[in-house]
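What follows is calculated from the coordinates using simple rules that are stated; it is not laboratory data. All of these numbers come straight from a predicted model, not from anything done at the bench. Reconstructed Cβ throughout: ideal geometry from the backbone, glycine too, with neighbour counts over all protein chains shown.
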Amino acid sequence: MLPARLTELLDSAPPGVEEALELTDGLDAVLADGLARPGAQGTAALEDLAAATGSTPLAASVRAAVDAVGSGRPTGPAPAALAGARTALAGAVHDALLEQADTALGRPRDDLPESAASPAGGAGGADPALEGARSWLAELAVAGWRGIDRDLAAGADAALAPLLEDPSRRRLAVLIDGLGAELRAHCPLSGEADPPARRWSDLWARAVLLAQDASPAGPGAPAEEVSGRLLPLGADVHEHPTAFQVQVHAVLEPSGGDPARLVRAAASAPKVDVLTRESLWGLLAGHSVLLGALAGHHALEVAGMPLLHGGDLLWDDERARPGEPADRFAAARLHLEDALAPAVPPLERHPARIAEPVLLEGYAAKKKRSPAPGLDLDLDGTRLPVSLHRLPESSSLDLKAAAASGACIGLMRWDAGTGWSVQPLGVAAKKAPASQTHTADWAMGPTDPKYASALKKTDPLGTLRERAGRLLRK
C-alpha cells in the first residue's frame, strides 16, 4: 500500500459512520437496561432509531417495536425488529468502511448475486426447534444485560438442545452456546460493573436473526467448484477456551487463465482449556495437506473445491495436493494490487468482520509506551497501529518479530474508537538475512526448540487421546 493511500484511509471515517454508531450505542444502552425498563434516555434512543429507519423497508416494523416497548409489551415481533435495525446499522457502517478501504487499496470487488443476497426461508414453514431459541433471546432482551441472573443465563441449555439435533442449525447452536457461556461467566454483574454491551448486543442481534424461520440455516450452497493454484498469504489464528480455528487468506489462480481471486479456507476443532500454545496445532491433524502448505511455505493445487459466494472455500484435503515452493511476499507483490475480492453476504456485513489482506514494505517499526505498550508502522510519516492483541499465542510471531520487521503481510482491521490497524500474518526481518516469521509456522509442530521440547515432554493432546481411548475400550 502506498503511503499516500494509507494517509487517505487513516485520516477520517466515511460520512455517517459516527452517527450510525451513536444510534447503535443508544440501542445497546437500552438492551443493557432491558426492554422492560428503557427509561427516559432509552425511550429517546428508540425514537431516534425509529426516525433513522423511517425511510427504509424497516420503517413499519421498527416503529411498531418502539411503540410496543413504550407501552410495556416488549415481546412478540419487537426483538426481531430491533435486531434487524441494529444489524442494518452495522451493515451500513461496514459498507462505508469497506468502500473506503477498497478505494485506498485500489481493490476490485465482486458483486453478490441476487439469489445469494436474499435469505431463503425454510420450505416446511415454522421450525419448532427455533421457538425455544427465540423465547430465550426475547427474555434476555426484556431483562437486559444488567438484569440477567444465573437461571436466565442457564436457559441457553434448553434452547440449545433441539438445535444440536439439526446439523443445519449448527451456526445458531454454537452462537447460543457461546453467548450463554459468557453470560454465565459474568453474571450477576456487580453494581458498579458495566457489561460488554456492544459485544453482547452484537451476538444477541445475530442470534435473533438466525433464529427466524426465514433466516438461512447454514452458510448456503456453494456458488461453484474451482480449480487452480492456491497461494497462501497467511493464517488468521483464532484461539478460544472451547475452540481453535485457522482461517487461511490466499490467492487463487484459477485454471483457464481467469483473473486471480482472494479466497479464504478454514479448519477448526473443539478444544479444552488444558490445550494451549504448542499443543493446539495437533487438533487440526486431519488437515495435513493445508497445514503442510502453511508450515512448508508451498503452494497447493486444488481441483473441484467448493467455493461460497462470500469467498470461503469449503476445505477438503482430498481435493488438494502440495505444489511447488511459493514465497508469500512474492505472491503478495504479484497479486494483491489487482486480485478480485469476494462479495460480502448480508449477515456478514459488520465492521468487526473487515479483514483485508495488504502488503506493507519500507516502514519503520516504532514501539510506544503510552497510553499502553504498542507498536506503530511508520510509512513516510504516516503511522499505522499494529493490532498486537490479535497475535496468537500459538505462534512465534510476537512483538519482538514485528518490531524487527521491514515488510509485513497483514489484515487491515477497523475497531470503533481506535479506527484502522493492521493485524500481522507474516513479517520479514529488516536486517539481512531477511528471515520470515508467520503465524502458522508451527502448523506441523513448534519450530522453536524450547516449545518443541516442552511438547515432547508433556504432550497434553496425546495424553487426552490416550485417556479417551482407555475409556472407550472399557
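Arrange the following residues from fewest to most other Cβ atoms within 10 Å of their Cβ: 280, 175, 140, 334. Don't skip to the end; give the middle numbers.
Details: 280 22, 175 19, 140 26, 334 16.
With the sparsest Cβ surroundings first, the list reads 334, 175, 280, 140.
In the chain, what is the count of Lys pairs whose alpha carbons are under 14 Å apart, counting only pairs at least 8 residues apart or on separate chains?
6
What's the local net charge at residue 194, with K and R +1, D and E -1, over the other residues with C-beta under 15 Å away?
-2
Take peptides 320-326, 181-187 and line them up by average Cβ neighbours within 10 Å, highest first, as a rough protection proxy.
Per-residue mean Cβ counts within 10 Å order the peptides as 181-187, 320-326.
How big is the equivalent ellipsoid of the range 224-335 along its three axes, where each semi-axis is √(5λ) from the Cα gyration tensor, reported in whole Å from largest to smallest?
25, 15, 12
Which listed residue (135, 265, 104) has the Cα farthest towards the positive end of the charge dipole for the chain, taking +1 on Lys and Arg C-beta and -1 on Asp and Glu C-beta about the Cα centre?
265
If each residue of separation counts as 0.36 nm, what is the full-extension length gain between residue 12 and residue 464 once their alpha-carbon separation is subtracted?
157.7 nm
For the chain, what's the relative contact order in percent, using C-alpha pairs closer than 8 Å and at least 6 residues apart?
Result for the chain is 14 percent.
So if I restrict to the alpha-carbon atoms in the chain, what is the Rg, and what is Dmax, the biggest pairwise distance, in Å?
Spelled out, the Cα radius of gyration and Dmax of the chain are 23.4, 70 Å.
Antiparallel versus total DSSP beta bridges in the chain: what percent is that, nearest 5?
Close to 90 percent.
Go through the range 339-345 residue by residue and turn each phi into a ³J(HN,Hα) via Karplus (6.51, -1.76, 1.60, θ = phi - 60°); whole Hz please, and just put x for glycine and proline.
Couplings: 5, 6, 7, x, 5, 10, x Hz.
Highest first, please rank the peptides 427-438, 365-376, 287-298 by the mean number of other Cβ atoms sitting within 10 Å of their residues.
So the peptides 427-438, 365-376, 287-298, ranked by packing, come out 287-298, 427-438, 365-376.
Starting from a Cα-only point model with no solvent, please compute log10 I(q)/I(0) by Debye for the range 378-431 at q = 0.13, 0.21, 0.27 1/Å.
-0.31, -0.80, -1.20
Using the charge dipole of the chain (Lys, Arg: +1 at Cβ; Asp, Glu: -1 at Cβ; taken about the Cα centre), state which of 435, 243, 424 has its Cα farthest towards the positive end.
The listed residue farthest towards the positive side: 435.
Using Cβ counts within 10 Å as a stand-in for footprinting exposure, how do 244, 329 rank, fewest first?
Going from least to most buried by this count: 329, 244.
Can you give the helix-only mean residue ellipticity at 222 nm for the chain, where every DSSP H stretch with n ≥ 4 adds -39500 (n - 2.57) and the sum goes over all residues, rounded to the nearest 500 deg cm²/dmol? Intermediate values should be presented prior to the final figure.
Details: 15 runs with 192 residues, N = 474.
For the chain, the value works out to -13000 deg cm²/dmol.
Please report, in whole Å, how far the alpha carbons of the range 3-210 spread along each principal axis, starting with the longest.
The principal-axis extents, from largest down, are 54, 42, 35 Å.
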